[in-house]
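Only one structure is covered here, and it is reproduced in the block below.
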Amino acid sequence: MHTPPALKPALDALAQAMDSRFDRLLAVPEDPRRRLYEAMRHATMDGGKRMRPLLTVAACDLFRVEKDRSLRVALAIECVHCYSLVHDDMPCMDDDDVRRGKPTVHKAFDEATAVLAGDALQTLAFEILADEATHDDPNIRIQLIQELAKAAGPAGMVGGQAMDLAAETTTFDLPTTTRLQQLKTGALLAFCIEAGAIMGKATPEQRTRLRGYAHDLGLAFQIADDLLDVEGSSARTGKAVAKDMAAGKATFVSLLGVERARQQADFLIDQAINHLASFGAEADLLRAIARFAIERDH
């Protein structure tokens, strides 16, 4: 299935907004840092689903956050996501040659430049959030920085990647595999929603509902990825497929089977959408994103 009509305008507009901002932010200097900036541009521009930025903007829209501010937060999150992909693709980690339909950064450039490009993107994310252009309230900016650090660090994405490396030599059961994916994939997705709540100064009840949505969406999103790894094609996904199976890693599909995994993903998405029941039409984009998360073919 291609991008649904309800999402296509939002995704197209967001892709253009993100690329134009990265183009300005990563203007290539005429000095010895040129190769570094070119590698950062290669990692961030012209590709990807932009799922995390879209979630961030959609969550901010619930609270009528100014668009330029929500896009700044989305840009910071995408910096962290792209840095993680650059490092994950390297030979010492997942050893992938293709990402988003083009050579991975260490292939297009070299391993040392890829390490530096990832490092630079990670630090750039926090520079963006710390800038008062993101929000004039320093307490909001501190909350954003603190929560992104948690989501991206050892109690979040990096911790999940460490578990993923351990999965190559250890057989994980379903609860451990679920925990791995909640950290590796779910933590950053959850921060996208949390960021909207922080920017919009959401009530405790609203935050609880949005966290429920994010939790269920994150797991469903990963199940969909596992299904694509088994059933998808590299031409559509823009990356190698069947790698987890070849490495002998436990996945939701290997533990549940294709049909049960798909049923679980459907259940999680229905549950995620139910968490948004107290919101009106302003949450329609979040509802559409949830459905797209398991219907996508890339």
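Every number in this text was worked out from the coordinates using simple rules, so none of it is lab data. Note that the structure is predicted; figures quoted are calculated from it, not measured. Quick reminder, even Gly has a Cβ in these numbers, built from the backbone with ideal geometry, and neighbours come from all protein chains shown.
Length gained on full extension, Arg179 to Ala130: 14.6 nm, using 0.36 nm per residue less the C-alpha separation. In the chain, the DSSP-assigned H stretches of four residues or longer account for a calculated mean residue ellipticity at 222 nm of -21500 deg cm²/dmol, using -39500 (n - 2.57) per stretch and the full residue count as denominator. Farthest towards the positive end of the charge dipole of the chain, among the residues Cys60, Leu129, Tyr83, is the Cα of Cys60, using unit charges on the Cβ of Lys, Arg, Asp and Glu.
Pick from Val105, Val73, Val230: which is most flexible by mean-square fluctuation in a GNM of the chain where alpha carbon atoms under 10 Å apart are linked? Of Val105, Val73, Val230, the Gaussian network model singles out Val230 as fluctuating most.
Length gained on full extension, Asp46 to Lys150: 34.6 nm, using 0.36 nm per residue less the C-alpha separation.
Each residue, Phe63 and Arg35, gets one label point 7 Å from its Cα in the Cβ direction; the gap between the two is 4.4 nm.
For Val98, nonlocal amide neighbours, meaning residues 5 or more places apart or on other chains whose placed amide H falls under 5 Å from its own, are Thr104, Ala240.
Please build a GNM for the chain, connecting alpha carbons under 10 Å apart, and tell me which residue among Cys79, Cys92, Cys60 fluctuates the most. Result: Cys92 has the largest fluctuation of those listed. Most tightly packed first, judged by the mean number of other beta-carbon atoms within 10 Å of their residues, the peptides 192-203, 27-38, 122-133 read 192-203, 122-133, 27-38. Using a/c under 1.5 as the rounded threshold, could you call the stretch 101-201 rounded, prolate or oblate? The axes a ≥ b ≥ c are square roots of the C-alpha gyration tensor eigenvalues, and prolate needs a/b larger than b/c, oblate otherwise. Taking the square roots of the gyration eigenvalues as a ≥ b ≥ c, the stretch 101-201 is oblate.
So what is the relative contact order of the chain, in percent, for Cα pairs below 8 Å that sit 6 or more residues apart? This gives 21 percent for the chain.
For a test of the definition: using alpha carbon positions, the gyration tensor, and the 1.5 limit on a/c, classify the stretch 57-122 as rounded, prolate or oblate. Prolate.
Helices meeting the span-like rule in the chain (full DSSP H runs, Cα extent of at least 30 Å along the helix axis, mean Kyte-Doolittle score of 0.0 or higher): 67-88.
The candidate values were (1) 0.96; (2) 1.46; (3) 1.37; the one computed from these coordinates for Cα Rg over 2.2 N^0.38 Å carries the label (1).
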